[in-house]
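The values are calculated or read from the model by the stated rules, or taken from the named source; none is laboratory data. What you see is a predicted model, and the numbers here were worked out from it, not measured in a lab. Note that we place each Cβ from the backbone using ideal geometry, even for glycine, and neighbour counts take in every protein chain shown. Areas reflect the complete protein model, heavy atoms only, side chains present, ligands, DNA and RNA absent. Shrake-Rupley method; radii C 1.70, N 1.55, O 1.52, S 1.80 Å.
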Amino acid sequence: QEYLEFRKERSRMLLSRRNQLLLEFSFWNEPQPRQGPNIYELRTYKLKPGTMIEWGNNWARAIKYRQENQEAVGGFFSQIGELYVVHHLWAYKDLQSREETRNAAWRKRGWDENVYYT
């Protein structure tokens, strides 16, 4: 009964809902609990069909430029549900550290070349 009441209440808050089953990219770090508080950025990309392997190969090289601050929480791709969808989850101490970390990546030689192809 309690669950049915919760579902009814929840349905008044939702505009839409969709599910995906995801696999993690092997070249990302294993997601670990973070000391907080943090802000999290979830980035979602919809790839052109047939480009997942090429995209993954480029990101396998690119992610190395973003590992020193440990902001990369995880990278995942859709296995069931809408296909050719990639998600990146990043953790930052605050918005200032997000800006500094992202700007630092663009100053590293090679980052722009790898990101260009993704």
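Observations on the model:
- Neighbours by Cβ (under 7 Å, 6+ apart or cross-chain): first from the range 8-35, surrounded by 14 or more Cβ atoms within 10 Å (Cβ to Cβ); second in a loop (DSSP other than H, G, I, E, B) and small (G, A, S): Q20/G81
- Condition check for V115 on (1) under 19 Å from E30 (Cβ atoms); (2) surrounded by 14 or more Cβ atoms within 10 Å (Cβ to Cβ): one failure, at (1).
- Every residue from the range 16-46 that is of a type in the set (D, E) and in a strand (DSSP E or B): E24, E41
- Residue in the range 66-80 that is in contact (Cβ under 8 Å) with a residue 60 or more places away in the chain, surrounded by fewer than 16 Cβ atoms within 10 Å (Cβ to Cβ) and not aromatic (F, W, Y) present: yes
- If you go through the range 90-112 and keep only what is within 23 Å of T51 (Cα to Cα) and either open to solvent by 50 Å² or more (accessible area, probe 1.4 Å) or part of a helix (DSSP H, G or I) (or both), you end up with W111, D112.
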